[in-house]
Each structure stands twice: as C-alpha cells, then as structure tokens.
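Read the structure below first, then the notes.
The values are calculated or read from the model by the stated rules, or taken from the named source; none is laboratory data. It should be emphasised that the depicted structure is a prediction, and the values quoted were computed from it without experimental measurement. So basically every Cβ, Gly included, is an ideal-geometry build from the backbone, and we count neighbours across all protein chains shown. Side chains included, ligands, DNA and RNA excluded: accessible areas come from the protein's heavy atoms. Shrake-Rupley method; radii C 1.70, N 1.55, O 1.52, S 1.80 Å.
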Amino acid sequence: MKTRYSRMLLAGAALVLTQAAVAEEKPVVLGGTIGGSVKFATDYVFRGESETVSGEIPAVQASLTWTHSSGVYLGYFGSTNKFEGSPDIYAVVGPYLGKYGSIGDTGFNYNVMAFSYQYPGANRYNYSELYMYLDRNFGPVNLKLEVTPTLDDWFGVDGWKGVNYAIHPKLTLGDGWGIDGSFGYQELTGHGAEGWKHWNAGVTKSMWGLNFDLRYHDTDIDRSHKVYGSHDGRKIFKERVVFAVSKSF
C-alpha cells in the first residue's frame, strides 16, 4: 500500500507538471481560478527537520489551489513523508483554507491560513495549525513575519502545544535570481516538551518556466534536547543542503 501510494503521488505530480507546461490560462471555476505547483527535491525540510529521514525516500510535493478574487482560497497539498521509527508514515496530505489581502494603503499584506496535517494510515499524528503572515516590500527586499500556533495537540501528543515564530527576508535580483532565508523558533510546551531554533538560507533562479532552489538548513538541537537529543533525533535535524526544482501554474 505504501509503495502504491508513493507511485501514485509521483505519477500525479508528473501529470500535473505536464499539464501545467501546456496550459495557457488558469481555468475559472465558481468565480475563482485554479492553480498549483509541483516540486521535486533531495529532501523535505520542515522547520529544520528532515521529513524524509535525510532523503531516504524521494521528496515529491504537489498542491492544487482554488483562489477567488476576494482573496479567499482553498486547496489540497500532498507530499512524500517518512519518520524515523514510524514505518506506517509514508505521506502527508492536507486541506487548507485561507484569506490574503492588503491593509489599506500601508503597503502591508496579510495571509491567514488554516492547514490540517493528515497522515494516511497513521491518523494518530494528525493535527492542525493556523498560519498568520504579515509582509511588506522595501524596494527589492520583501520582509515577512510569521506566527503559526497549533490548533490542537501537536502531532497528536496529548497536551503538547506549539507556536512557530519566524522572519522570512527575501531579496529579488535581476534575471530571475533571488536570495532568501528564514530564522525561526518553534515553541513547544507540555510535559517533556522543548522548542528549538531553526534557520535556512538559499539562492533561487527562475528559468525555462521552472524554479530552482539551493538551500542550507540548520538548527540548534544537540544532545541535551529533551525531545530530539537522541542519535536518531539529531540525525533528522542535522545541517543539510537541499536542491529543489519546482513548477507553478
């Protein structure tokens, strides 16, 4: 079942990429447009954690989003996924619902999105988060602030709650080049819980209708960490360089 699901996700991502390459305009449905993206990467890193056990399986992601002119949007996300010591986890999928827009003439933009992480065959890990972003352009630089609290128990652990605080600077260069990064702190509370700092920096390039990304990730997790201080825990949080290619449509 796991192999079959992974192959279906790979085939679906390839189909989406093929269709996106020949599509000229986004289809209009119920007053909104449908778009999406597909990504292939050497690893899937989430707040400093490898979600594929350091690339033991291919990192393939795809999303499909319906967006209304009012800024309301909803969609569905899917990715290959693997946790150390949890053989029943092989993918993460999830619906999301959000609203974006601008704040008057201030130059500030907002984006609020509820996302439900769902693990087929291992629903004990399911949980949801509320992403809240505020950003503004300063010439070629975009500065984005993030506050993302959990809406229920973090990864299904009884009594554990979390909030991710992060800042995401981005510099747009000429000829499709860009530099961006992120520095954040994943707060985690509850019996035996402990948060961690995470950061990344990368260079991006858009060409041939594709987006290329080369990125360095790291965290402050060491042997003393209450949750991830073991050898296996540090393995999935160690520093790494990730290459990705994606297509948006």
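In table form, for the structure just shown:
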item: Anisotropy class of the chain from Cα gyration tensor, a/c 1.5 cut; result: rounded
item: Value of [θ]222 nm, deg cm²/dmol, for the chain, DSSP H segments ≥ 4, -39500 (n - 2.57) each, nearest 500; result: -3500 deg cm²/dmol
item: Total charge dipole magnitude, the stretch 60-137, about the Cα centre, Cβ charges on Lys, Arg, Asp, Glu only, Debye to nearest 20; result: 80
item: Percent carbon-and-sulfur accessible area, the stretch 19-124, ignoring ligands, DNA and RNA, probe 1.4 Å; result: 60
item: Amide H partners (placed H, <5 Å) of residue 45, local residues excluded; result: 51
item: Total charge dipole magnitude, the chain, about the Cα centre, Cβ charges on Lys, Arg, Asp, Glu only, Debye to nearest 20; result: 380
item: Counted charge near residue 112, where neighbours are those whose Cβ lies closer than 12 Å (Asp, Glu -1; Lys, Arg +1); result: -1
item: Assigned charges on the beta-carbon of Lys, Arg, Asp, Glu; the stretch 94-214 dipole about Cα centre (debye); result: 160
item: The chain - percent relative contact order, Cα under 8 Å, separation 6 or more; result: 15
item: Heavy-atom surface of the chain, accessible at 1.4 Å and reported per residue (Å²); result: 53
item: Top of 169, 95, 87 by mean-square fluctuation, Gaussian network on the chain, Cα under 10 Å; result: 87
item: Integer Hz, Karplus 6.51/-1.76/1.60 couplings in order for the stretch 208-216, x for Gly and Pro; result: 6, x, 10, 10, 10, 9, 10, 9, 9
item: At most 15 other Cβ within 10 Å, DSSP loop - GluC sites (Glu not before Pro), the stretch 175-243; result: 239
item: Value of relative contact order over the stretch 85-160, rounded to a whole percent, pairs C-alpha under 8 Å and six or more apart; result: 24
item: 14 Å Cα-Cα reach of residue 144 towards aspartates and glutamates, excluding residues that sit fewer than 8 places from it in its own chain; result: 135, 180
item: Under 5 Å, built H, 5+ apart or other chain: amide partners of residue 240; result: 217
item: Where labels lie 7 Å past Cα in the beta-carbon direction, separation of residue 152 and residue 216 in nm; result: 4.0
item: Most mobile listed residue (98, 192, 229) in the chain, GNM with C-alpha springs under 10 Å; result: 192
item: Local net charge near residue 244, Cβ-Cβ under 12 Å (Lys/Arg +1, Asp/Glu -1); result: +2
item: Links that overshoot a 23 Å alpha carbon limit, given the list 26/82; 170/205; 99/197; result: 26/82; 99/197
item: Local electrostatic count, residue 188, Cβ distance below 10 Å [Lys/Arg +1, Asp/Glu -1]; result: 0
